[in-house]
Structures are given as structure tokens and as C-alpha cells.
Amino acid sequence: PGHSGGTSSHPHHRHYDVSKYHEAHARNHVDDELPDIRAPKWPDPSKYNPRSLGFLTLDNPVRKAIVGAIEWPWWDRTVLFLILLNTVQLGFFYNPFDVPALRPDATRRDVLENV
């Protein structure tokens, strides 16, 4: 036979009450553990010592700022750039042989030459 609409007049067909199903389902799952959806603790205690310098704990705002800085993705690039910049500066402006005792007007230099 033909079905008309969404209801059936079949004698064995019972109306399904969705709200009763949800109530029963909720009663059966009250004690189920919900997954922990909280963010992990930061900074990660498994990566860092609990104390730094003897008094900075992982919850200290100064230490959190420092940990945040070193975990920043550009931290390594910035440090390497500063090292390169320092190397170039030393190459242009530093003379390792500019020792006061070896300058032409130094009296100690004259003494060393006559020995």
C-alpha cells in the first residue's frame, strides 16, 4: 500500500517520542567523563624547570613573558640577525691590533724596541 503523508494508521506502528529518548539517554550518560577540552597548561611544565633563578616560578608574569619571547617563531631569526650585525660591526670598526702599548707615540713601545 500507499502511504500518504507522514503518519501511518498501521496497528503495530507506535508514535516515537523523541523527548523521552533524550531524557533516557541523558540519564544513562550522566556519569560519563567528558573529554578535557581546556587548553594545555602554558608554559609546559615538562619543558621548563619549575623555578628559574631560585624564585621565578612558571606562573610568574616576567618568566611567562620571557618564555613567550623565546617560543616566538621569529626568536631564532632575530638572534641570528643580531649576531650577524655584531659581526659586521666588529669587522668594520674594531681593530684588534690597536693596543695602546703598540701605538707609535707610546713610550713603552720604544722601550720594547731597544731591548
Legend entry - Sole exception among (1) under 42 Å from the mean Cα position of the chain (by Cα); (2) of a type outside the set (A, V, I, L, M, F, W, C); (3) at pLDDT below 65; (4) open to solvent by less than 100 Å² (accessible area, probe 1.4 Å) for Gly6, by number: (1)
Legend entry - Unmet criterion (only one of (1) touching a residue at least 12 places away in the same chain (Cβ under 8 Å); (2) touching a Phe, Trp or Tyr at 6+ places or on another chain (Cβ under 9 Å)) for Thr78: (1)
Inset, instruction - Name every residue in the stretch 51-76 that is of a type outside the set (A, V, I, L, M) and under 16 Å from the mean Cα position of the chain (by Cα), in order of residue number. - result: Asp59, Asn60, Pro61, Arg63, Lys64, Gly68, Glu71, Trp72, Pro73, Trp74, Trp75, Asp76
Legend entry - Breaking point among (1) touching a helix residue (DSSP H, G or I) at 6+ places or on another chain (Cβ under 7 Å); (2) at pLDDT 85 or above; (3) small (Gly, Ala, Ser), for Ala106: (2)
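The values are calculated or read from the model by the stated rules, or taken from the named source; none is laboratory data. Predicted, not measured: the structure shown is a model, and the values here were computed from it. Every residue, glycine among them, receives a Cβ derived from its backbone with ideal geometry; neighbour counts consider all protein chains shown. SASA here: full protein model, heavy atoms, side chains in, ligands and nucleic acids out. Shrake-Rupley method; radii C 1.70, N 1.55, O 1.52, S 1.80 Å.
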